Amino acid sequence: QVHVVESGGGLVQPGGSLRLSCTTSGTIFSIWIMGWYRQAPGKQRELVARIGRDGSTSYADSAKGRFAISRDNAKNTVYLQMNSLKPEDTAVYYCNAHRSIVDYWGQGTQVTVSS
C-alpha cells in the first residue's frame, strides 16, 4: 500500500514563505514523478510544479520565479518552497506520485495567504 502524506501548510501573510513537504511510504520513491497540485475553492485542481526521476523540473506560469520543487530520494520526500506568496496562492495543496498510468494522491494541506 502506497501512502502519500503532505505537511507544512498554514497561514502566512502576503510576501511570506512556506515550505511544503510530501513523504511517501510503501514504495520505491525514486521511480515516481512527483508533483504538487493545488485547488482553490470553486476552481479545478491545477498543476503547480513537477519533478522528474532525473530531477528535471517544470512549473506553472504562476509559480515560476517564486516556487521551487526539489526531491530527496534518500528521505522519500519532495518539497515545495514557496516564496513571495500572494492571496491568490490560497488553496489546498496536494502531492502526487505518478508513474505510467498510476497516480497516488495525498490528502492535501491548506495554504492560506492573508493579512
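The values are calculated or read from the model by the stated rules, or taken from the named source; none is laboratory data. Just so it is clear, the model here is predicted, and its values are computed rather than measured. Here the Cβ is made from the backbone with ideal geometry for all residues, glycine too, and neighbour counts use every protein chain on show. For the accessible areas, the whole protein counts, side chains as well, though only heavy atoms, and no ligand, DNA or RNA atoms are used. Shrake-Rupley method; radii C 1.70, N 1.55, O 1.52, S 1.80 Å.
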remark   = Of (1) modelled with pLDDT under 95; (2) surrounded by fewer than 18 Cβ atoms within 10 Å (Cβ to Cβ); (3) within 18 Å of W105 (Cβ to Cβ); (4) in contact with a Ser or Thr (Cβ under 9 Å, 6 or more places away or on another chain), I31 satisfies every one except (4)
ask   = Among the numbered criteria (1) more than 17 Å from S7 (Cβ to Cβ); (2) modelled with pLDDT of 95 or more, which single criterion is violated by T112?
value = (1)
request  = Considering every residue within the range 13-22, establish whether at least one is in contact with a helix residue (DSSP H, G or I) (Cβ under 7 Å, 6 or more places away or on another chain) and open to solvent by 60 Å² or more (accessible area, probe 1.4 Å).
outcome  = yes
ask   = Counting only residues that are under 21 Å from G9 (Cβ atoms) and in a loop (DSSP other than H, G, I, E, B), which one in the range 43-63 is least open to solvent (accessible area, probe 1.4 Å)?
value = A63
request  = Determine which single condition A40 fails, assuming it passes every other condition in (1) in contact (Cβ under 8 Å) with a residue 60 or more places away in the chain; (2) open to solvent by less than 40 Å² (accessible area, probe 1.4 Å); (3) within 14 Å of G108 (Cα to Cα).
outcome  = (1)
request  = Could you grab me the full set of residues in the range 75-100 that are modelled with pLDDT of 95 or more and outside any strand (DSSP E or B)?
outcome  = K75, N76, N83, S84, L85, K86, P87, E88, D89, T90
request  = Of all residues in the range 1-28, count the ones that are in contact with a strand residue (DSSP E or B) (Cβ under 8 Å, 6 or more places away or on another chain) and more than 20 Å from P87 (Cα to Cα).
outcome  = 12
